[in-house]
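The values are calculated or read from the model by the stated rules, or taken from the named source; none is laboratory data. What you see is a predicted model; the values in this text were computed from it and never measured. Virtual Cβ from ideal backbone geometry, glycine too; neighbours counted across all protein chains shown. We work out accessible area using only protein heavy atoms, side chains counted, and drop any ligands, DNA or RNA first. Shrake-Rupley method; radii C 1.70, N 1.55, O 1.52, S 1.80 Å.
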Amino acid sequence: MRKYNASPFQLPARRPALLGAAAISLAILAGCATTQPTPAPVAAPVAATETAPGVVEPLADTSAAAASAGSLSLREDAPLRYVVKKGDTLWDIAQHFLRDPWQWPELWYTNSQVRNPHQIFPGDVLTLVSVDGQTRLVSDGPLERLSPRIREEALDASLPAIPIEAIRNFLRGPRLVTLEETKRAPYIVAFVDERLAVGANNDVYVKNLAQPIAYNYAVVRVGEPYRDPETRNLLGYEAIPTGEAELRTPDAPVGVTAVMRVTKSSREVLIADRLLPIEAESFDANFFPHAPLSQVDGRIISVFDGLSQISQYQIVALNRGSEHGVDPGTVLDILQSGRVVPDPYTRKGIALPEQYAGVLMVFKVTPKLSYGLVMNAIRPLHVLDKVAKPSPSSLR
């Protein structure tokens, strides 16, 4: 493997030996000073605003890297060098190096070279190195270095932590709403044009607009109730987004049916769909995945779009939220619920043990409920499968 050239981690070259009379004089003086110990050199102080760089050495191979990776679970077939491609996410890249990709924040070497792993771009070269005996990942910058130049990138060209496209249409819903909220919410009673369903750029009649009247609303369809499968307590109702609507008759008196225009539609808008205030979009794509501080013992209670089986990059609702120590970026193992099979001799039911089935990362949280994106699934997943604090990969 090649050595670093002009690397910020390269150690300074040794100084040439002193020559001439000055060197001879120093040697004589050193020889005479036999009765006094030579004082130890004093290390130069490190500035408080900088981090002293560790001893960085290229790895010859990854066969012994796993032993020096600390708490990281490094793959035995991890490459020594990887060129970032367009469309990669930090999670994707980590899968090339780690058995548990969510540990990628620990893999990066925090220093002046890589201050923020989110500022890695397509074309950058990533290399596994040893930093103070620990395996870490550093960036060598762009692959092509023909001449000095300024890199011009779009503001959103840096790598996201997870595939944002998988949740982009979800960011404004579904929402957790109470029964009282749905009863108070305005609703569509008819379409201006006699149709069974409408999409964007169609006008609808809306009843029950209350003061103060907003000009823009989210159109939702109230779905199934969210219930905790263990306590059977009602957590709320799923409000599935169908579009957005804009008020066309702002001077209509309170209680009079108003005309609104559907400005956006993610699915068919139907009569009886409700209108809710548009949620402020407080979403940060730069997640830092982490395990919860305490044990989480929850279940998947719903899957977005009501599918029976759950696979990678699908969105699920959990019966655990901020009250249970869950926040955006929390990573949880998914455990496939054990099946009950008959004993071939006694015919009694035997509950099989739970099996590790995948991993998800939470991206939206309410006090009692949260939404997560399935990042990996090695077995079919279902509603009521358990979620828990990640266990070491060696124990799976």
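Structure data summary
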| quantity | calculated |
| --- | --- |
| Inter-site label distance for Leu179 and Phe288 at 7 Å from Cα along Cβ, in nm | 4.2 |
| Asp100 long-range amide H proximity, modeled H, under 5 Å | Ser73 |
| Shape of region 316-359, Cα gyration tensor, a/c cut at 1.5 | prolate |
| FRET E, pair Tyr345, Gln312, Förster distance 30 Å, beta-carbon r, rounded to 0.05 | 0.15 |
| Cross-link reach list, lysines versus Lys386, counting only Cα pairs under 17 Å and skipping chain neighbours closer than eight places | Lys368 |
| Separation of the Ser391 and Val83 label points, Cα + 7 Å toward Cβ, nm | 4.1 |
| Gain upon complete extension [Ile271, Ala197; 0.36 nm per residue less C-alpha separation] | 25.9 nm |
| Neighbourhood charge, 13 Å Cβ-Cβ cut-off, centred on Val340 and excluding it, Lys, Arg +1 and Asp, Glu -1 | +1 |
| Residues Thr249 and Glu224, FRET efficiency given R0 of 45 Å [Cβ-Cβ distance, rounded to 0.05] | 0.85 |
| Largest-first ordering by accessible area, 1.4 Å probe, given options Leu179, Leu90 | Leu179, Leu90 |
| Full-extension gain in nm, Arg232 to Val125, via 0.36 nm per residue minus C-alpha separation | 33.4 nm |
| Local net charge near Pro186, Cβ-Cβ under 12 Å (Lys/Arg +1, Asp/Glu -1) | +2 |
| HN-Hα J in Hz across region 258-267 - Karplus 6.51, -1.76, 1.60, θ = phi - 60°, x for Gly and Pro | 9, 9, 10, 10, 6, 8, 9, 8, 9, 7 |
| Simple spin-label estimate for Gln355 and Leu384 in nanometres, 7 Å along Cα-Cβ | 1.8 |
